Amino acid sequence: MNAEFPAARPRRLRRTASMRRLVAGTRLHPADLILPVFVKEGVADPQPVASMPGVVQHTRDSLRKAVHEAAEAGVGGVILFGIPLHKDARGSAADDPQGIVQLALADLASEIGDALVLMTDTCLDEYTDHGHCGLLTDSGEVDNDATLERYASAAVAQARAGSRVIAPSGMMDGQVGAIRRALDAEGFADVPILAYSAKYASAFYGPFRDAAECAPQFGDRSAYQQDPAGPVGEALREVRLDLAEGADAVMVKPALPYLDILRQVRDTVEVPVAAYQVSGEYAMIEAAAANGWIDRERTIMESLVAIRRAGADMILTYWATEVARRLRA
């Protein structure tokens, strides 16, 4: 730089709203946003999630309405989580053709078409009675390799029901490869995989576990999700392994507490990168806003811009429909 004050005045480009809009370096678009939605079997009306104001466990009917609204707002996609009526040790509802997620997918696929992208979370924690993400050994450990077979079967069931993107979140070693082989073998070679590649054992997931009814009945998930203070480079190693196994896009979860990881991933890979603004991030902003401590709308937008600026091509956020409407206003 040659010019200095008083010739150099950076404020010139910040003086008006129209000027700031003209020179903005980070932009959000409705199609960048993915709405996480929950559908619960056996309920007659949507069930509010107390720890996530504004979020509900949907019925199949209310889910259709919510997804139509998201599509009309221009949201890029929805990702579906299911809560079955009955759970067991192997998560049988995960790949049951009559399971709640498969039935809801069939509803949406026939009505929504390509108005937005239907995605499914592929894991077992929502379906197991013990709340862990995989099958257990007799000693109570999660059996990595036996779990891969269940993930593969669930992914095929979801693709068959109409899922356009499979998103494995269990953090089992080899999960992407197992799912890719199963999808290809069953005629779904065109269905992409969005891998939860850098998923941390985070305290920010608490409200989600209320929404998905999937809190572990014992222990925690630290033995398979990444340690927040783990080895430098671990996230990139996980990302590279998933890409080598056939992932088409990768995800960092949570988002705001891991913007440094998100930036490293974005600078390393050539595939789309997603970030999940998780339930705890959502709940904290909603709670602070409800107490009058922060400006709700400004804080929501600032948080999303930060995630986008750090490198996310896609953002999973519970505000997706609301923000998409605002962006199009």
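The values are calculated or read from the model by the stated rules, or taken from the named source; none is laboratory data. Just so it is clear, the structure is predicted and the values come from calculations on it, not from any experiment. For neighbour counting, all protein chains shown are included, and Cβ atoms are generated from backbone atoms with ideal geometry for every residue, glycine included. Only protein heavy atoms, including side chains, enter the accessible area calculation; ligands, DNA and RNA are left aside. Shrake-Rupley method; radii C 1.70, N 1.55, O 1.52, S 1.80 Å.
Need pairs with beta-carbon distance below 6 Å; first residue closer than 21 Å to residue 37 by Cα and within the stretch 305-328, second of a type in the set (Ser, Thr, Tyr) and part of a helix (DSSP H, G or I); sequence gap 6+ or separate chains.
318/282
The rows are residues; the columns are (1) closer than 13 Å to residue 91 by Cα; (2) of a type in the set (S, T, N, Q).
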position	(1), (2)
118	no, no
134	yes, no
144	no, yes
159	no, no
182	no, no
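Okay, residues lined up against (1) at pLDDT 95 or above; (2) under 20 Å from the mean Cα position of the chain (by Cα):
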residue: 109; (1), (2): no, yes
residue: 114; (1), (2): no, yes
residue: 117; (1), (2): yes, yes
residue: 124; (1), (2): yes, yes
residue: 138; (1), (2): no, no
residue: 145; (1), (2): yes, no
residue: 149; (1), (2): yes, no
residue: 152; (1), (2): yes, yes
residue: 155; (1), (2): yes, yes
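Please enumerate the residues belonging to the stretch 165-220 that are among the aliphatic types (A, V, I, L, M) and in contact with a Cys (Cβ under 8 Å, 6 or more places away or on another chain).
Answer for the stretch 165-220, where residues must be among the aliphatic types (A, V, I, L, M) and in contact with a Cys (Cβ under 8 Å, 6 or more places away or on another chain): 171, 172.
Got at least one residue in the stretch 57-69 being open to solvent by 60 Å² or more (accessible area, probe 1.4 Å), in contact with a helix residue (DSSP H, G or I) (Cβ under 8 Å, 6 or more places away or on another chain) and in a loop (DSSP other than H, G, I, E, B)?
The answer is no, given that none of the residues of the stretch 57-69 is open to solvent by 60 Å² or more (accessible area, probe 1.4 Å), in contact with a helix residue (DSSP H, G or I) (Cβ under 8 Å, 6 or more places away or on another chain) and in a loop (DSSP other than H, G, I, E, B).
Just to verify a result, which residue in the stretch 1-50, among those that are among the polar types (S, T, N, Q), outside any helix (DSSP H, G or I) and open to solvent by 50 Å² or more (accessible area, probe 1.4 Å), is nearest to residue 75 (Cα to Cα)?
Across the stretch 1-50, the extreme among qualifying residues is 47.
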